[in-house]
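Scroll down for the structure; my scribbles are underneath it.
The values are calculated or read from the model by the stated rules, or taken from the named source; none is laboratory data. As the structure is a computational prediction, the values presented were derived from the model and not from experiment. Don't worry about glycine lacking a Cβ; one is built from the backbone with ideal geometry, like all the others, and counts go over all protein chains shown.
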Amino acid sequence: MKSWLASLFHVTIDFQESHMFFPTIVMWVLLFLLALIFIIYGRPYLCALRTGERTLSFSTSHIDKLRLIGTLVLTIAYFLSMDYVGDFFPNTGLGFLFMSIPFMFCLSLLYVHNLNRRKFLTLSLNALIAPGLAWYVLAKLFHITLP
Amino acid sequence: MDLLADLTPLFFTLVFVGVLIGILFGAIPGMTATMAVAVCLPLTYSLNLREGLALLLGLYVGGISGGLVPAILLNIPGTPSSITTTFDGYPMTVNGDGEKALKIGIISSLFGGLFSAAILFFFAPALADIAIKFSYVEKFLIIFLALTVIASLSSNVLVGIFSGVLGVWISLIGTYDVSVGGNGDTRLMFDFMVPYLEEGFSLLPVLIGLFGLATILQEAEKGVKDEPLCADVSLSNRAKFSMRDFKGQIINLFRSSSIGTFVGMLPGVGGSAASVLSYTQAKNFSKDPSKLGTGAPEGVIASEASNNGLTGGALIPLLSLGIPGDSTTAVLIGAFTLQGIQVGPLFIGENMETWHTMMVALVVANLVMFFVMFFAIKYIAKVITVPKYILYPIIVMMCVVGAYAINYGIMFDVWTLLLFGVFGYLSGKIGIEVAPLIIGFILGNSAEVYFVKSLESFGTLTIFFTKSPIAMFLWVLIAVSITYSIYTTVKSIRTKRANAGH
């Protein structure tokens, strides 16, 4: 009886396969939790969907699509161009400097409401000064690697 | 005295700068202490550990404290932990007692911060002394306990634990490292990802993405509107503040600071839980509970003493067990790793100087916070009016710097930043909780090593129960925390049903 119990808890781990031992357990736990979440919260939600009590949309009317998607597009363009331009000036951080200025300018322009001359001037100056300052302090004074 | 040698003018300047930037971050709604630490991390790359810590602890203390300014003046919590400050702080402003409310909040913050620093100083070394005797079995159980505690205190237990386990899963992506006794094989990815993900996701880009970029995306979704100034930020001096306002509040101060410190010690539980808990307790113990919520100073005291009590509390598990107490200390782990120092039970004993310097930095940060806020509050209050279209682009730029520079220039880290920024934004939509996820992500790799190595050497699952009295004690704690979470879930479901029935 005792040896049967002991063999039940006995575990041997094959070293060649040991990299998957823990991840497999974690994945099963995740699946189990997901199933549990579905049973407890998912089913009533689906029922409510079917009867029309709820709708699937995340109330998209509140989402400022222009600013959200604009942020994503600008960020991706910023990352891509920074890497590309940085390759022309290796180890100087100039890719970062040259691309941050237009990026910050565009992002500010995207975010600003009721644009007027004064606001335009402030955000333009900010787009010039902030990256310049960051580049000078980090790359020149602190010798931090920048794209 | 080596300690004195560390306390250079640079050290104090860094604490001061940290506190100042932290307060600004805290005071601007939507930006948090975690974000302040994450965004400013690149500044520490070229500093040594102690100077870096001076800056980061300053940011932490400042960031937590700054939240009271918009909470009191605008009825908008600057950080999640100052939600309860709005309950009484804003009514006080409406009544013309804005300045009084701010100063009461600042003094409570100072008290909470110093109280928790004292607890940290005495408690962390003691806890580390116990933890030093832990073998892999107990270390695994501690992590297991941490994850169950996070889950039991999440707003939704099941989703909380799911988020934690998901974090563990993400941390396992990469190589099962030979240096920790693994076989060097990669897992949980397709072949084409190997060149990028051989080392797994780096901690800091993940953190900066989740706490920096995700916040910007959330704000972009809302349209980046500047807060309308409902209250007059220029403070009227109708009601002068005096220390007499604290009369009869000493017990409240101690109780709230203790609650804050204790909640801070629980992993993954942030300041909002601490301040809500201590506010409810202040209400329970108040002589006149109906006054709370209408502009009672004791409400502000309860909220602010507890959320600053969090700072020292959250550092206790970090420095004695290597487990971060909240999301900000999770980012601090990144700063330690950066300097090549592993936090855990051995940290304090092996780095006595650093430990003492940290304590000095923490106390100085609290004092600086007090003086800056107490005497310059009028100017800080104006910060809330700095337009977001100027601030947010700067934040994104700093996020990029932090992610790129962390491993000395790897573009993939910047993409990791974007990936987790979007992930953080989406998880807010579907309800995944970021704090448990981060704790799981940080502890995942250690959990694996402790678990697998324990089994490899003992060959049986029973070892986790029978290894030592400490292991059994930890199981008792785990059982308590699981029972508690089941109890609260069942209770909330019942009240929901009862409400639906009416």
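Tabulated data for the structure shown
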item: Selected residue (only one of A:I63, A:I129, A:I144, A:I40 is over 30 Å from B:I432 (Cβ atoms) and either under 22 Å from the mean Cα position of the chain (by Cα) or at the interface with chain B (Cβ under 9 Å from one of its Cβ atoms) (or both)); result: A:I144
item: Check on B:F115, of a type in the set (F, W, Y), touching a residue at least 24 places away in the same chain (Cβ under 8 Å) and within 13 Å of another protein chain (Cβ to nearest Cβ); result: no
item: Residue that is within 11 Å of another protein chain (Cβ to nearest Cβ) and either of a type in the set (F, W, Y) or assigned to a helix (DSSP H, G or I) (or both), where the choices are A:Y45, A:Y78; result: A:Y78
item: Single unsatisfied condition, B:K429 versus (1) under 22 Å from the mean Cα position of the chain (by Cα); (2) farther than 24 Å from B:L318 by Cβ; (3) surrounded by fewer than 23 Cβ atoms within 10 Å (Cβ to Cβ); (4) touching a residue at least 12 places away in the same chain (Cβ under 8 Å); result: (4)
item: Some residue of the stretch B:384-391 being within 22 Å of B:M35 (Cβ to Cβ) and more than 14 Å from every other protein chain (Cβ to nearest Cβ); result: yes
item: Positions within the stretch A:94-124 being farther than 16 Å from A:L74 by Cβ, within 28 Å of the chain's Cα centre (by Cα) and assigned to a helix (DSSP H, G or I), in sequence order; result: A:L94, A:G95, A:L97, A:S124
item: Residue list for the stretch B:320-339, restricted to those being part of a loop (DSSP other than H, G, I, E, B) and on the phi < 0 side of the Ramachandran plot; result: B:I323, B:P324, B:G325, B:D326, B:Q339
item: Residue identified as within 22 Å of B:V331 (Cα to Cα) and of a type in the set (A, V, I, L, M) among B:A5, B:A38, B:A71, B:A101; result: B:A38
item: Hey, B:L332 among the aliphatic types (A, V, I, L, M), closer than 17 Å to B:I21 by Cβ and within 14 Å of chain A (Cβ to nearest Cβ) or not; result: no
item: The stretch A:60-100, subset of a type in the set (F, W, Y) and surrounded by fewer than 20 Cβ atoms within 10 Å (Cβ to Cβ), residue farthest from B:G409 (Cα to Cα); result: A:F98
item: Residue among A:F103, A:F120 that alone is crowded, with 16+ Cβ neighbours inside 10 Å, within 11 Å of chain B (Cβ to nearest Cβ) and at pLDDT 85 or above; result: A:F103
item: Any chance B:G299 is free of Cβ contacts under 8 Å to residues at least 24 places away in the same chain and either small (G, A, S) or closer than 18 Å to B:V37 by Cα (or both); result: no
item: Filter pass, B:A361 being in a helix (DSSP H, G or I) and within 30 Å of B:Y90 (Cβ to Cβ); result: no
item: Every pair of residues 6+ apart whose Cβ atoms lie under 9 Å, when the first sits in the stretch A:1-20 and is farther than 26 Å from B:M189 by Cβ and of a type in the set (F, W, Y) while the second is assigned to a helix (DSSP H, G or I) and modelled with pLDDT of 80 or more; result: A:F9/B:I463
item: Candidates B:L158, B:L166 - the one that is surrounded by 22 or more Cβ atoms within 10 Å (Cβ to Cβ), in contact (Cβ under 8 Å) with a residue 24 or more places away in the chain and not hydroxyl-bearing (S, T, Y); result: B:L166
item: Top-ranked residue in the stretch B:392-420 [being of a type in the set (G, A, S) and within 8 Å of chain A (Cβ to nearest Cβ); ranked as nearest to the chain's Cα centre (by Cα)]; result: B:A405
item: Test: residue in the stretch B:162-183 that is closer than 30 Å to B:T488 by Cα, out of contact with any helix residue (DSSP H, G or I) (no Cβ under 7 Å at 6 or more places or on another chain) and more than 8 Å from every other protein chain (Cβ to nearest Cβ); result: no
item: Residue list for the stretch B:134-177, restricted to those being among the hydroxyl-bearing types (S, T, Y) and part of a helix (DSSP H, G or I); result: B:Y136, B:T148, B:S152, B:S163, B:S171
item: Selection within the stretch B:207-239 - at pLDDT 70 or above and hydroxyl-bearing (S, T, Y); result: B:T215
item: Residue in the stretch B:310-319 that is part of a loop (DSSP other than H, G, I, E, B) and in contact with a helix residue (DSSP H, G or I) (Cβ under 9 Å, 6 or more places away or on another chain) present; result: no
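Matching residues to (1) of a type outside the set (A, V, I, L, M, F, W, C); (2) modelled with pLDDT of 90 or more; (3) in contact with a Leu (Cβ under 7 Å, 6 or more places away or on another chain):
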| site | (1), (2), (3) |
| --- | --- |
| B:L110 | no, yes, no |
| B:A117 | no, yes, yes |
| B:F121 | no, yes, no |
| B:A126 | no, yes, no |
| B:A131 | no, no, yes |
| B:A146 | no, no, yes |
| B:V165 | no, yes, yes |
| B:S171 | yes, yes, no |
